[in-house]
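Below is one structure, written out as structure tokens; comments come after it.
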Amino acid sequence: KREAKKAVNWAQHAARRGGRMRSGYSMELTQRQQYARQLARAARSLARAPALRGRRPCGRRLRGPRLVQPPVQPGPDDLGGEVRVENGKWDAGTESTTPTVEVHLFSHVLNFGQSIFEGLKAFQTVDGRVCLFNARCNVARLNSGAERMCMPPIPEALFLDGLERTVRANVAFIPPYGTGGSLYVRPILFGHGAEMAIAPAPKFTLAFISTPVGAFFQGALQGKRALVRDDVDRAAPRGTGGFKVAGNYAPDMLVSRGTTERGFDVSLFLDAKTNSFIEEFSVANFIAVAADGTIVTPSSPSVLPSCTRKVVLRLAEELGLKAEERPIPWDEVKSLKEAAACGTAVVLTPMKSITRGDEEVSFGSYATIQRLYDTVVEIQTGLRPDTLGLLHEVKL
């Protein structure tokens, strides 16, 4: 409760301070306020959580997030604790109350960006269970990226065990059902060790860390304004855009700042080869309702295969809607009925408009997007039968 109160006070202070800042800091101000509001919502959810009642504020479980780290065990031929991937194997992992790791400054994660990550959520359902959403898709995508980045594969059982242990260790931080909040879990796989060579790292660590998050939307969805960035390529045609590589995200910071300074909410990128086909938003997939009512999303090896998008497409078919992945030319955008960003953080965020140069395409309805959004949220919280087997219950 004490930490929740501190978070609320900080959020209120940030909001008051934001009103006195110069307009030149509009981008930083917007991001700060959005984070402050989200943190405040999560803090209020925690303050109401039954799991916190009766606990001492200084209890060990309340000190902070736990970190589960299954590193590679040294192989029989290794010297000085170094590990060769082919001789090593994952151990059972350890838990820590300190959300930090210590790595050598020569580590590949720091020098060469040998790191990939995932993101998923745990929800408290209407019947009191705690469930991870679509976790098996995340381990499959993580292993796809691991292969591309010369990193060892993660057994599904180990991945799920790490998630479950992280959730159980942080159960007091899960916002209760009805608040719209959830526990966000971030698995990170990275290479490290005292070896300065452009080759696979001598050691690898898979870490899990979590934090409570509030609902991005309360009630009806709100449209955002997207700007097509013709001046920037998000990913090369045969590059790493289709993998959740850490290095894909830092270059977008400058682009996002420029988009916000121009008065828009999010950047939208076209393909790098022809600059004529829709690919994806900065940190989310593109999904739309075509003129004939079909749910469409771009088909491209440069697009990150969103786990949420896969769920949306499958649920669309369950609802009697046609769904397909195919190239979406820019010329088709003006005929789309609805458009949205799709990802773990917000499920679906509808677009109010998409602007490219002097051309602006507006969308006046989000009815289908809202229907799909509600369906996903109902499954996440147990209000709708999980016919697709997306929920993974964590036994507490």
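What are the residues in region 319-343 that are charged (D, E, K, R) and within 25 Å of the chain's Cα centre (by Cα), if any? Talk me through it step by step, then tell me what you get.
So in region 319-343, the residues charged (D, E, K, R) come out as 322, 324-326, 331-332, 334, 337-338.
Matches in region 319-343: Glu324, Glu325, Arg326, Glu338.
Looking at this structure, is Leu372 in contact with a helix residue (DSSP H, G or I) (Cβ under 7 Å, 6 or more places away or on another chain) and surrounded by 15 or more Cβ atoms within 10 Å (Cβ to Cβ)? Give the steps one after another, and end with the answer.
Values: in contact with a helix residue (DSSP H, G or I) (Cβ under 7 Å, 6 or more places away or on another chain): yes; surrounded by 15 or more Cβ atoms within 10 Å (Cβ to Cβ): yes.
Considered against the rule, which asks whether it is in contact with a helix residue (DSSP H, G or I) (Cβ under 7 Å, 6 or more places away or on another chain) and surrounded by 15 or more Cβ atoms within 10 Å (Cβ to Cβ), Leu372 comes out as yes.
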Could you list all residues from region 182-204 that are outside any loop (DSSP other than H, G, I, E, B), of a type outside the set (A, V, I, L, M, F, W, C) and over 20 Å from the mean Cα position of the chain (by Cα)? Gly191, His192, Lys203
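Go through Glu164, Glu147 for me and flag whichever is over 19 Å from the mean Cα position of the chain (by Cα), under 27 Å from Cys342 (Cβ atoms) and part of a helix (DSSP H, G or I). Spell out how you get there, then give the answer.
Values: Glu164 fails: over 19 Å from the mean Cα position of the chain (by Cα).
Selected residue: Glu147, the only one of Glu164, Glu147 that is over 19 Å from the mean Cα position of the chain (by Cα), under 27 Å from Cys342 (Cβ atoms) and part of a helix (DSSP H, G or I).
Would you check which residues across region 171-181 are surrounded by fewer than 24 Cβ atoms within 10 Å (Cβ to Cβ) and either touching a Pro at 6+ places or on another chain (Cβ under 6 Å) or part of a helix (DSSP H, G or I) (or both) and list them? Give the steps one after another, and end with the answer.
To start, the set of residues in region 171-181 that are surrounded by fewer than 24 Cβ atoms within 10 Å (Cβ to Cβ) comprises 171-172, 176-180.
Val171, Ala172 - these are the residues of region 171-181 that are surrounded by fewer than 24 Cβ atoms within 10 Å (Cβ to Cβ) and either touching a Pro at 6+ places or on another chain (Cβ under 6 Å) or part of a helix (DSSP H, G or I) (or both).
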Starting from region 155-175, take each residue that is of a type in the set (A, V, I, L, M) and list its partners that are open to solvent by less than 10 Å² (accessible area, probe 1.4 Å) and assigned to a helix (DSSP H, G or I), counting only C-beta distances under 8 angstrom and pairs at least six apart or across chains. Leu160/Ala135; Leu160/Val139; Leu163/Ala135; Ile174/Val167
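Do we find that Thr349 is over 23 Å from the mean Cα position of the chain (by Cα) and part of a strand (DSSP E or B) in this structure?
Details: over 23 Å from the mean Cα position of the chain (by Cα): no; part of a strand (DSSP E or B): yes.
Spelling it out, it is not the case that Thr349 is over 23 Å from the mean Cα position of the chain (by Cα) and part of a strand (DSSP E or B).
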Residue by residue through region 313-346, note down the ones that are in a strand (DSSP E or B), hydrophobic (A, V, I, L, M, F, W, C) and in contact with a helix residue (DSSP H, G or I) (Cβ under 6 Å, 6 or more places away or on another chain). Ala323, Ala340, Cys342
Picked from region 70-97 (must be open to solvent by 70 Å² or more (accessible area, probe 1.4 Å) and part of a loop (DSSP other than H, G, I, E, B)), the residue modelled with the lowest pLDDT is Gly80
Within region 355-364, identify whether any single residue is open to solvent by 10 Å² or more (accessible area, probe 1.4 Å), acidic (Asp, Glu) and farther than 22 Å from Leu227 by Cα, and answer yes or no. no
Kindly provide the set of residues from region 211-253 that are farther than 29 Å from Phe123 by Cβ and surrounded by 15 or more Cβ atoms within 10 Å (Cβ to Cβ), ordered by number. Arg225, Leu227, Val228, Arg229, Val232, Asp233, Arg234, Ala235, Gly239, Thr240, Gly241
Filtered residues of region 254-276 (kept if touching a helix residue (DSSP H, G or I) at 6+ places or on another chain (Cβ under 6 Å) and either of a type outside the set (Ser, Thr, Tyr) or open to solvent by 10 Å² or more (accessible area, probe 1.4 Å) (or both)): Arg257, Thr260, Glu261, Ser276
Can you find a residue that is without any contact (Cβ under 8 Å) to a residue 40 or more places away in the chain, open to solvent by less than 60 Å² (accessible area, probe 1.4 Å) and on the phi > 0 side of the Ramachandran plot anywhere in region 313-330? no
Name every residue in region 277-296 that is farther than 21 Å from Phe264 by Cβ and surrounded by fewer than 23 Cβ atoms within 10 Å (Cβ to Cβ), in order of residue number. Ala290, Ala291, Asp292, Gly293, Thr294
Every listed condition ((1) surrounded by fewer than 22 Cβ atoms within 10 Å (Cβ to Cβ); (2) modelled with pLDDT of 95 or more) holds for Ile116 save (1)
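Going by the conditions given, is Phe277 in contact with a strand residue (DSSP E or B) (Cβ under 9 Å, 6 or more places away or on another chain), without any contact (Cβ under 8 Å) to a residue 60 or more places away in the chain and closer than 30 Å to Ala316 by Cα? Steps first, answer last, please.
Values: in contact with a strand residue (DSSP E or B) (Cβ under 9 Å, 6 or more places away or on another chain): yes; without any contact (Cβ under 8 Å) to a residue 60 or more places away in the chain: yes; closer than 30 Å to Ala316 by Cα: yes.
Considered against the rule, which asks whether it is in contact with a strand residue (DSSP E or B) (Cβ under 9 Å, 6 or more places away or on another chain), without any contact (Cβ under 8 Å) to a residue 60 or more places away in the chain and closer than 30 Å to Ala316 by Cα, Phe277 comes out as yes.
The values are calculated or read from the model by the stated rules, or taken from the named source; none is laboratory data. A quick note: this is a predicted structure, and the numbers were derived from the prediction, not measured. Methodologically, a virtual Cβ is constructed for each residue, glycine included, from the backbone with ideal geometry; neighbour enumeration extends over all protein chains shown. The accessibility values were calculated without ligands, DNA or RNA, using every heavy atom of the protein model including side chains. Shrake-Rupley method; radii C 1.70, N 1.55, O 1.52, S 1.80 Å.
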